[in-house]
Amino acid sequence: SQQGEEDPQALSIQEGENATMNCSYKTSINNLQWYRQNSGRGLVHLILIRSNEREKHSGRLRVTLDTSKKSSSLLITASRAADTASYFCVVGTSYGKLTFGQGTILTVHP
Amino acid sequence: DVKVTQSSRYLVKRTGEKVFLECVQDMDHENMFWYRQDPGLGLRLIYFSYDVKMKEKGDIPEGYSVSREKKERFSLILESASTNQTSMYLCASTINPGELFFGEGSRLTVL
């Protein structure tokens, strides 16, 4: 399986701190995406990074991709209570198969 | 806006029944997916399709089959429902590579 594996499974921080989540995968990928899911709600697309890219930014989000280590990280800077959610990495193959990791549960305390 | 429509939001079925979950997208996306989401397990890929009549097994295809006769429609079939198939089923579509667009989900309970 090319399913991404997130680390840590759960992360608890204070508002204003940075949160870093990691994703590792097993085989070659074409792209990697990150999604957020608030409790009981739908999935929200955060960012897509292609295999030939090393870093992407979107607002307070920074994603890195290291294909030699088969890993990616999602950094949320200056976290807010509203960032409390589950975060999933999704690995994509060249022919479009997209598989999710089990997710990291982030709790940001006010 | 992309719209992915799942035919049933809530279903209750009996063990052994055949169950059809329908999904339709209106953006001419090539790729369509069926996932199930269970607490603590994230989203697991059941099947996906990258073209009409083409399908590929995901990580947990056992007990499921799919049909894609038209580009906009992707059906998930449970040939003989079992209690361990009680779950939230999510259909999604996308271009490749691209953001997944999800339906609202179908919550299936098998008694």
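Taken together, the values in this text are just the output of simple stated rules run on the coordinates, not laboratory data. Fair warning: this is a prediction, and the values are worked out from it, not measured in the lab. A quick note on method: Cβ atoms are made from the backbone with ideal geometry, for glycine too, and the neighbour counts reach across all protein chains shown.
Along segment B:94-103 the Karplus relation, 6.51 cos²θ - 1.76 cosθ + 1.60 evaluated at θ = phi - 60°, assigns HN-Hα couplings of 6, 7, 10, x, x, 5, 7, 10, 9, x Hz to successive residues, with x for each Gly and Pro. In plain terms, chain A is cut at each of the GluC sites (Glu not before Pro) found in a DSSP loop with at most 16 other Cβ atoms within 10 Å, and the longest leftover piece is A:54-110. Residues B:Ile95, B:Ile46, A:Ile49 in ascending order of nearby Cβ atoms (within 10 Å, fewest first): B:Ile95, A:Ile49, B:Ile46.
For the segment B:98-105, counting C-beta atoms of other chains within 10 Å of every residue's C-beta and taking the mean gives 4. Given R₀ = 22 Å, what would the calculated FRET efficiency be for A:Ala10 paired with B:Glu104, taking r from the Cβ atoms and rounding to 0.05? E between A:Ala10 and B:Glu104, to the nearest 0.05, is 0.20. Under 1.5 on a/c is rounded, so check that first for the protein assembly as shown, then, if it is not, pick prolate when a/b is larger than b/c and oblate when it is not; a ≥ b ≥ c are the square roots of the alpha carbon gyration tensor eigenvalues. Prolate is the answer for the protein assembly as shown, as a/c is 1.5 or above and a/b outweighs b/c. Partner lysines whose Cα lies under 23 Å from the Cα of A:Lys26, excluding those fewer than 8 positions away in the same chain, are identified as A:Lys56, A:Lys69, A:Lys70, A:Lys97, B:Lys55, B:Lys57. Couplings 3J(HN,Hα) for segment B:55-62, derived from phi with the Karplus relation 6.51 cos²θ - 1.76 cosθ + 1.60 (θ = phi - 60°), are 8, 9, 5, x, 7, 9, x, 4 Hz, where x marks Gly and Pro.
Relative protection proxy for A:96-103, B:5-12, from highest mean packing down: A:96-103, B:5-12 (other beta-carbon atoms within 10 angstrom). The phi torsions of segment A:19-29, fed into the Karplus equation with coefficients 6.51, -1.76 and 1.60 and a -60° offset, translate into couplings of 10, 10, 10, 10, 9, 10, 9, 10, 10, 5, 10 Hz, rounded to whole numbers, with Gly and Pro shown as x. Peptide A:88-95 shows a mean partner chain C-beta count of 3 within 10 Å per residue C-beta. Applying the criteria of a DSSP loop state and at most 14 other Cβ atoms within 10 Å to the trypsin sites (Lys or Arg not before Pro) of segment B:16-46 yields B:Lys18.
For segment A:5-109, the Stokes-Einstein estimate of translational diffusion at 10 °C and a viscosity of 1.306 mPa s comes to 116 µm²/s, using the Kirkwood hydrodynamic radius over alpha-carbon pairs. Among the trypsin sites (Lys or Arg not before Pro) in segment B:49-98, those located in a DSSP loop and surrounded by at most 14 other Cβ atoms within 10 Å of their own Cβ are B:Lys53. Counting only other chain Cβ atoms within 10 Å of each residue's Cβ, the peptide B:31-38 averages 2. Residues whose amide H comes within less than 5 Å of that of B:Arg107, counting only those at least five positions distant or on another chain, are B:Tyr10, B:Leu11, B:Tyr89 (H built at 1.01 Å from N in the peptide plane).
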